[in-house]
Amino acid sequence: MLRLPKALPRAISRPFCQVSRRRANHTQPHSNSQTTAGRTTHFGFQTVPEESKESLVKNVFDSVASSYDVMNDAMSLGVHRLWKDDYVSQLKPGSRGPMKCIDVAGGTGDIALRILDHARENYADRETTVDVVDINGEMLREGYKRFKKTMYHNTSQIAFHEGNAQALPESQFPSNTYDMYTIAFGIRNCTSIPDVLKEAYRVLKPGGTFACLEFSRVNNPMLSAIYDQYSFSVIPLLGTILAADRASYQYLVESIRRFPSQPDFAKMIQDAGFVTGGMHEGKGGAWTDLWGGIACIHTGVKI
């Protein structure tokens, strides 16, 4: 059955990536990410106290939850759907038998649904499971509504949890449990990226795969100039028109620019203990650029 925390009517249970409690870090992360008085981080282009980041990001996603798909369509001209399809296809869930997966910052359930569909349609796998974890109750509600329309509703293949990606409770998410950990367009919102990676490493089994899909750094100067013009001029305007919320869309654009470059993020994944490909893009590399680096897939394996 579709398992949801008992507190769902209020906020869906409290464990995830801290878009609810400690959801994402837009800064070049600190080696010691413990929140202390006087420590600061970035909220878009603003510098804010670390302890304020979580609530600020939560407010953004509370605001955009009901129009999240519209928001992503606006920010990517609909291409995010193709990126997500490519992301899951590269991971091939179900190709080696049923998998136990965790999708973090996955409140709306679009990655989880793709994982289950891919396993079923390509490998006749109806045993792969996905635990969807998000810190934002409003986002999780959207995912729950989405799954009520699918064949997976009220099955053991899907469960929703509200929790902090930076501090997943050991009692609920034991170490060495999952075959695959996915996080799509969420890690940049967390206050401490190293803490998220540390938790990802902990909950994965040896041999398990970490996979992150995130907006990234465009390296082609001409494409970068066009992308910047679109991002800073068009996307906030679309936020005003489509959601009457310019500020949230402005933040999301700024958060992308604060995210580490592909090599820097790949190094962070390695520092967390994962084995990656070489420090380059493409076959045999640590990352795969999509559309010139507008988005990027990073993978690592727990040894």
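Quick note: the coordinates plus some simple rules give every number you see, no bench work behind them. What you are looking at is a predicted structure, and each value in this text was computed from that prediction instead of being measured. Using ideal geometry, Cβ is built from the backbone for each residue, glycine included, and neighbour counts are taken over all protein chains shown.
Descriptive notes on the structure:
- Applying a threshold of 6 Å to beta carbon distances and a minimum spacing of six or more residues, or different chains, the list of pairs starting in segment 111-125 at a residue that is in contact (Cβ under 8 Å) with a residue 24 or more places away in the chain and surrounded by fewer than 23 Cβ atoms within 10 Å (Cβ to Cβ) and ending at one that is aliphatic (A, V, I, L, M) and in a helix (DSSP H, G or I) reads R114/V88; H118/V88; D125/A119.
- For segment 148-201, filtered to residues that are of a type in the set (G, A, S) and in contact with a Phe, Trp or Tyr (Cβ under 7 Å, 6 or more places away or on another chain), the residue that is surrounded by the most Cβ atoms within 10 Å (Cβ to Cβ) is A165.
- For segment 252-263, the criterion of a residue being polar (S, T, N, Q) and touching a strand residue (DSSP E or B) at 6+ places or on another chain (Cβ under 7 Å) is satisfied by at least one position.
- Criterion applied to D103, D117 was being of a type outside the set (V, I, T), out of contact with any Gly (no Cβ under 7 Å at 6 or more places or on another chain) and within 19 Å of H298 (Cα to Cα), and the one residue passing it is D103.
- Among the residues of segment 277-303, the ones that are among the aliphatic types (A, V, I, L, M), assigned to a strand (DSSP E or B) and surrounded by 18 or more Cβ atoms within 10 Å (Cβ to Cβ) come to 4 in all.
- Segment 215-256, subset outside any helix (DSSP H, G or I) and touching a helix residue (DSSP H, G or I) at 6+ places or on another chain (Cβ under 6 Å), residue farthest from N189 (Cα to Cα): N220
- Residue match in segment 220-233 (condition: more than 29 Å from V70 (Cβ to Cβ) and either surrounded by fewer than 17 Cβ atoms within 10 Å (Cβ to Cβ) or free of Cβ contacts under 8 Å to residues at least 60 places away in the same chain (or both)): yes
- Taken as a whole, the structure leaves L113 outside the set of residues that are part of a helix (DSSP H, G or I) and in contact with a strand residue (DSSP E or B) (Cβ under 7 Å, 6 or more places away or on another chain).
- Every pair of residues 6+ apart whose Cβ atoms lie under 7 Å, when the first sits in segment 165-186 and is assigned to a strand (DSSP E or B) while the second is aromatic (F, W, Y): Y181/F210; A184/Y87
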